[in-house]
Amino acid sequence: MVRRIKILHFSWEFPPSIVGGLGTFVTELSSMQVKMGNEVTVFTLNTENNLITVDNYKGVEVHRPKIPDFTSPFFLFADNELRQWGDNFKFFADVVSYNVLSASKIIHLLAGKNGRVFDIVDAHDWLGIMGGMSVKKELKIPLIFHIHSTEKGRTRGRGSRTIEDMEYEGGDADDCVITV
């Protein structure tokens, strides 16, 4: 008898909010994982906080936490590099908040209070690695780090040192890297 694997994904894109290849990849991957008999849960960014917070998409359990605007408080301890992001700093603050809120829900509610067990966590790019690293540590499960592109590659070496550091730490903390 084949055992169902309980898989968690951190992906900033998932239907209905698809921006590019990462979202398309995670949508197809998670759908195939369900078809193979696995239990799949995706935590994704709630664009503009206007999407349903808990949903089912083709057998995939989807969580989209509502993100409070922490832009101003985060800016207080941001370094000079992040402060230079201007209006884009809100996106960074939203990504950090999404990771923290998602990891907290997984650790304290789904696994903690509800007693759910997960076998593996899969984080997609720097946008999900913070939550993935936290879940790995707290639940003591393996972490896969899907790297769809790197900051150096996207910006020809002129990108964010903060994001490069997150990618490095994610690569150090994971149990497996998969390049896409």
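Structural remarks
- Unit charges at the beta carbon, dipole of segment 50-101: most positive-side option, Phe92, Phe70, Tyr57: Tyr57
- Two-site label geometry, Val100 and Glu169: point separation in nm, points 7 Å out along Cα→Cβ: 1.3
- Per-peptide average of other Cβ atoms within 10 Å, ordering 139-145, 17-23 highest first: 139-145, 17-23
- FRET efficiency for the Lys113 to Phe70 pair, using the beta carbon distance and R₀ = 22 Å, is estimated at 0.35.
- Relative contact order (percent, whole number), the chain, Cα cutoff 8 Å, 6+ residue spacing: 20
- Among the trypsin sites (Lys or Arg not before Pro) within segment 33-113, those in coil by DSSP and having at most 13 neighbouring Cβ atoms inside 10 Å are Lys58, Lys66.
- Whole-number Å³ per residue for the convex hull built on Cα positions in segment 53-154: 139
- At full extension, Arg3 and Thr179 could sit 60.7 nm farther apart than now, given 0.36 nm per residue minus the alpha carbon distance.
- The loop-placed chymotrypsin sites (Phe, Trp or Tyr not before Pro) in segment 51-112, going by DSSP, that have at most 16 neighbouring Cβ atoms within 10 Å of their Cβ come out as Phe70, Phe77, Trp85.
- Restricting attention to the chain, close to 20% of DSSP beta bridges with both partner residues there are antiparallel.
- As a proxy for reagent exposure, ranking His63, His124, His146 by other Cβ atoms within 10 Å from fewest up yields His63, His146, His124.
- Among the GluC sites (Glu not before Pro) found in segment 33-108, not one is both in a DSSP coil and sparsely packed, with 11 or fewer other Cβ atoms within 10 Å of its Cβ.
- Simple Cβ-charge dipole of the chain, Lys/Arg +1 and Asp/Glu -1, about Cα centre, in debye nearest 20: 460
- Here the mean projected area of the convex hull built on the C-alpha positions of the chain is 10.6 nm².
Quick note: the coordinates plus some simple rules give every number you see, no bench work behind them. Because the structure is a prediction, the values reported are computed rather than measured. Cβ coordinates were reconstructed from backbone atoms using ideal geometry, including for glycine residues, and neighbour counts include every protein chain displayed.
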